[in-house]
Structure formats: structure tokens, C-alpha cells
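Some notes on the structure that comes next.
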Amino acid sequence: MRSEKLRCNFVSEFSPNLSNVTNHFTMQDTLVKSNELKGGEFIIKESAAADTFIPEDISEEQGMARQMVKDFAKDAGEKAHKLEHQVELMEKAGELGLLGCHIPEAYGGMLLDTNANTFISEELGRMGGGFATTIAAHTGIGMLPILYFGTEELKQKYLPRLVSGEWKAAYCLTEPGSGSDALAAKTRADLTPDGQHYLFNGQKMWISNAGFANMFIVFAQIDGDKFTGFVVEANTPGITLGAEEQKMGIKGSSTRQVFFENAKVPTANVLGQIGKGHLIAFNALNIGRFKLGVMCMGGAKKAIATSVQYANERKQFGQPIASFGAIKYKLAEQCIRNFALESVCYRISDLLDDKKKFLAEQGLTYADATLKAAEEYAIECAIIKVYGSEVTDYVVDEMVQIHGGLGFSEELSAARAYRDARINRIYEGTNEINRMLMVSQLLKRAMKGQVDMVGPAWEVQKELASMPSFEGVTGQYAEERKALKDFKKIVLMTAGAAVKMQMEGQLAIKDEQEIVMNIADMMIDAFVAESLLLRVERLADMSNKAHDQSVYEAMLHVYFNDATTRVAKCAGDALASFAEGDLLKTFLMGVKRFTKYAPVNVKNARRLVADTLIAANDYCY
């Protein structure tokens, strides 16, 4: 009843505005911040804290949306982890409007801004791997291809059913012989003699929601060589399902193979252009990666809360284990990494939101604006997927360790969280693929002149040839601002040197994946460090402070201290892979020059973070 009441309040608050959604996306005075950052430009440009959205900026309406999901999650309880309750929960989510918060009203949705949807995704992530996987597959890769690439007829036919929860969606891309190499799919779609249908033959595997989906987004090769997307109804004759996969984790989600044997699909169900299915697959995955990173952050918050509560309860040697330095280290590091991740999540969320509003002002439809925004920030979406999944892996691993023997037992939730988290580094594109993607995208944009890396890279080269400045840094967070600039210089130096070697015929970057991984890791650290710094600066400037700024500064110092070491190692490893002699010495001198962050008492900083968490007995950041 309470959830229904919240929904009524929520709808009454938003309903007057739904008819004005178009106006909301075309009002010039609410559009783009003065220094709009293009995708990948964080490497060469600085951002202002005042222009950065942080979760503490949550509005009353966004808070209502968030609370509704919290109540839904509380009511769901353990059902979220049970396969037999997934359909029930999806239909309940549809009743509450949670399946259509990103869909225009014309198709049955209740369109909210990107940041509100991010708060919703965070809370859904707290529910755990089973239902989080189910709803993410449905609302993301299951619905967005229709919104982005479907004809008006397809949108009107399918989206309202998917928004209400009457129908559930699944996404069929992976095959036994094509995982990361999606375009190598073998499933065929051959036109029937009357030209009205395509006959599908082939199989798909690892299909989330397959056991109860009413429709599939399917990718097939028309005539064997034109990779194309389709909407396929699950009850189509010729479609059969394999048994439920026995998985390591996310056991509450349905995962089955889907087989096609002369299944007739109307030609009207083609998505986008024939032979352009890669555009659908890759663009739908951009938002999927973003949402996955956000859900990882929400899930990690719950795991941290579970960790500290157990550490406060468990006594050894006559005192709670939370009082021991080794446990405090774990608790603090869990918080620092996830606080940084949260900073990234809402920064990207707001970049996406601003871009959508700007594009809508230029006359694009909501669907096209959303698609183009996700495409613009494909690099940042890859970063959040990689960083988010790896932060969550760290958090749940340490949760198991804090629980000791009980962490290895199915008696408590730690073991399940550990198993559930592991898939995040694999689906929505493996982390290895995403690392390569972010570097290749950056270099492509640089080659096209979309991101001016040449000028800044040349400035770094000139700086290396000059005498170093021994002037001290001044002002609040000056050390961090300088370190951040230096991180970016190292990325430019390393990537620029690799590109130069390639242009001289001495290196083929695409064949040197280890170097690409090094550059990607430096990009991740630079973007995360900047997002964290901008958030801490914003918190320091807030007039109504309800927090202890020293705790956030402690997180900032620890992150920059550790990132400095990581960036130095990645740069050294990459440079030594393709440079030698005096050239290598020059580069390594540059690495040393650009990694001079002042020493930090990380022990005391982590203890401050941990002690605050322990006192709250909950995730409190």
C-alpha cells in the first residue's frame, strides 16, 4: 500500500510536467553548461566544480523516485534473488512505473531526467544480481533498440507493453562462435519468396530473460552477410529454448539458449537499416554499460553496509573486529573506491543529460537525442563499466574476507554477492574489450579532429625539453589539481609517443593490446580522480554542510596517492614496451617528473574514513 501511495504522490508531482516534456528539452536557459565537455575531452580540458552534478544535488522529485525504488526493494526482499519470482517483480515494477522512466509518455512511459533515472538504477543495483540483471536487460538492451531504431509502428506496438510489464524483453546477440566478435554471428535471416518475411535459422546463447521473455531483440545475417537487428516475438513458431543455465552467480535471473529453425519474422520488424545492425548493438550497449556501472555502485553500497555491520558485531580477542587496523583498512578502501565510483556515475549522468537537452534544442527527437548523447560519451560509458565492475569485485571480495569462514558459507549473503558480482566484468562487453574500445575511440576522435590531442601533446613534449619549475603550489586542493594535470600529461605523452611510432611504421598499436590496456588504465584513473576532486570541491563549497569535509578530503588524498603510483607504473610499462635507449630514458624522466604528488599519511586517512563508517554502522557517504 505504501508503494502505491508513493506512486500516486510521485505521479501527481510529475504528471503536470509530462505534457511539457518537449518544452523541457528545448528551453535554452536550462540546456548546457558553459563549458560543455565533449566525449573524451577530459584528457585535454579542465572541468569546473561549479558545473558538476553530484549526488548531494538530488532534488525533491528525484528523491521521491529514489524512495519509491527503496520501498519496492524492501518489499521484494529475498524474492529478488529467486528465479521463480522474476516475472512477479517485473510486473510489479511495471505497475509502479519503474520500467518506463526513460520512455516518452507517447509510448506509455513516465519520462524522467537522466539523473533521476540514475538514482533509480542505483537503488535497483542494491537489490542484488538476480533482479538487477532482469530489469537492466529489459529496460536497457531490450527496450532501447526499439526506441532508438524502431519504426513508429514498432514503437507503438511494443513499447507500451514493455513499459507496463505485460511483456518482458530479451536481447539476443551472443552465439557459440561470436562473443566479443559480435559481427561474426552466424544466425541467418533469408527473405521468403513472397518478400513478406525472413526465415531465421541459428542459435543464441547466454540470453538473459529468455525463460519468460515475450519478445527478443535478435541480430542475424540477412543473406549470410548483412548484420541486421530485428524484433522477434517469442511465440513465433520455430523458436525453442534451451534449459536454464547452471551459472556461478546471478542464479535468480533466467539465462537460456534460444534456437531458431525456419522461424518466420515479418519484414516490418527490421530495426534500422539492413546491414547496419552493428550501430544498434553498439549504441544500445553504451547505455547498458553506463547503467551497469551505476548498478554496481548501488550493489557495492549494500555490500559495504553489510561488511561494517558484521565487523561491528563480530568479536575476537574481546573486542569487535572493526576496531582492528587491518579491518579498518578494508572498510576504508571499500568506501574510498565506491565514493569515487559514485562521483563518476553522477558526473557522466549529468553529461548525458546536458547533451540530450542540447540535441533536443537542435530539433532531434527524444530518442535520437538520447542515442546521440550515449554515442558522444561512449568512452566515459566504457570507463564506468570497467571501473564500476572492478570496484564492486573488490568490495565483495573484502566483504567475504571480513566475514571470515561465514563469508565462504551460503548461510549469509556474502558468498552470493561474491558470485553475483563476477559477471559484471564479462557482460556488456568484457572489461578487456571496453579498455580497447576507450583507447581506440579516443584515437579515432583525435584523428578526425573531434578531440584536439595534437596541440596538448606537443605542449607536453616541449615541457619535457624544458627545465622543470620548482615553484610550489598554493590554494585549496592545489596539490590534487596539479597531480590531475600531470596524470593527463602522462596519458598524452604515452599515447602520443605510441601514435608517433605507429606513423613511423615501428609499431602497430592494434596489435599491442598490453600497451592499449596500460593507456586505458591511465585514462580511467585520470577521469575518476578528476570526478572525485570535483565532487570534493563542490562539497567544500556547499553552504549548508551536513558533513565532515575532512573525511572526504581523506578519501581524496588516499585516491590521489595510490593513483599516482598506478599511473607511473602503467606509463613505465607501456613506454618500455616500444621505446629504448635515450628515448626511453627521456620518457621515464617525464614519468618521474609528472608523478610528484606529496606524500600522504594514508594510514590515518583511511582510519578516519573507517571510523566514520563504523560509528554510523551503515554506508554513510
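The values are calculated or read from the model by the stated rules, or taken from the named source; none is laboratory data. This one's a predicted model, so the numbers in the text were calculated from it and none came from an experiment. Because the Cβ atoms are built from the backbone with ideal geometry, glycine has one as well, and the counts that use them run over all protein chains shown.
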Within segment 343-400, how many residues are modelled with pLDDT under 95 and closer than 30 Å to A305 by Cα?
-> 0
Flagged pairs (Cβ under 6 angstrom, 6 or more apart or on separate chains; first in segment 150-167, farther than 19 Å from L371 by Cα; second polar (S, T, N, Q) and surrounded by fewer than 19 Cβ atoms within 10 Å (Cβ to Cβ)) are W167/N214
Within segment 296-310, track down each residue that is among the hydrophobic types (A, V, I, L, M, F, W, C) and either closer than 12 Å to V391 by Cβ or without any contact (Cβ under 8 Å) to a residue 12 or more places away in the chain (or both).
-> C296, M297, A300, A303, I304
How many residues does segment 565-616 hold that are among the small types (G, A, S) and either over 30 Å from L507 (Cα atoms) or surrounded by 22 or more Cβ atoms within 10 Å (Cβ to Cβ) (or both)?
-> 8
Check whether at least one residue in segment 176-189 is buried (at least 24 other Cβ atoms within 10 Å of the Cβ) and of a type outside the set (D, E), and report yes or no.
-> yes
Scanning segment 246-269 residue by residue, those within 28 Å of the chain's Cα centre (by Cα) and either among the hydroxyl-bearing types (S, T, Y) or surrounded by fewer than 23 Cβ atoms within 10 Å (Cβ to Cβ) (or both) turn out to be Q246, K247, M248, G249, K251, S253, S254, T255, R256, Q257
What helices (runs of 4 or more DSSP H), lying completely within segment 404-476, carry at least 1 residues that are of a type outside the set (D, E) and more than 17 Å from L492 (Cβ to Cβ)?
-> 414-421, 431-447
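Select, from R425, R419, the only residue that is basic (K, R), surrounded by fewer than 23 Cβ atoms within 10 Å (Cβ to Cβ) and in contact with an Asp or Glu (Cβ under 9 Å, 6 or more places away or on another chain).
Checking each option against the conditions leaves just R425.
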Unique residue being in contact with a Gly (Cβ under 6 Å, 6 or more places away or on another chain) and without any contact (Cβ under 8 Å) to a residue 60 or more places away in the chain when the list is F227, F260 = F227
Enumerate the pairs (first residue in segment 34-56 and without any contact (Cβ under 8 Å) to a residue 60 or more places away in the chain and surrounded by fewer than 20 Cβ atoms within 10 Å (Cβ to Cβ); second residue anywhere and assigned to a loop (DSSP other than H, G, I, E, B) and of a type in the set (D, E, K, R)) with beta-carbon separation below 8 Å, excluding pairs fewer than 6 apart on the same chain, so at least 6 apart or on different chains.
-> N35/K45; D51/K33
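Which of the following residues is at pLDDT 95 or above and in contact with a Lys or Arg (Cβ under 7 Å, 6 or more places away or on another chain): G224, G299, G272, G277?
Result of the check over G224, G299, G272, G277: G299.
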Which of (1) buried (at least 24 other Cβ atoms within 10 Å of the Cβ); (2) touching a His at 6+ places or on another chain (Cβ under 9 Å) does G165 not meet, given it meets every other one?
-> (1)
Which of the residues spanning segment 175-204 are touching a residue at least 60 places away in the same chain (Cβ under 8 Å) and within 15 Å of A263 (Cβ to Cβ)?
-> T187, A189, L191, T192, Q196, H197, Y198, L199, F200, N201
For residues that are surrounded by fewer than 23 Cβ atoms within 10 Å (Cβ to Cβ) and among the charged types (D, E, K, R), scanning just segment 194-239, find the one that is farthest from S254 (Cα to Cα).
-> D194
Here are some conditions: (1) surrounded by 15 or more Cβ atoms within 10 Å (Cβ to Cβ); (2) more than 24 Å from the chain's Cα centre (by Cα). E313 meets all but one. Which one does it not meet?
-> (1)
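Residue by residue, here is whether (1) touching a Gly at 6+ places or on another chain (Cβ under 7 Å); (2) of a type in the set (D, E) holds:
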position: M297; (1), (2): yes, no
position: Y310; (1), (2): no, no
position: Q319; (1), (2): no, no
position: A332; (1), (2): no, no
position: N338; (1), (2): no, no
position: D354; (1), (2): no, yes
Among the listed residues M438, M447, which satisfies the condition of being out of contact with any Ser or Thr (no Cβ under 9 Å at 6 or more places or on another chain), buried (at least 16 other Cβ atoms within 10 Å of the Cβ) and not assigned by TED's automatic domain parsing to the domain that holds A322?
-> M438
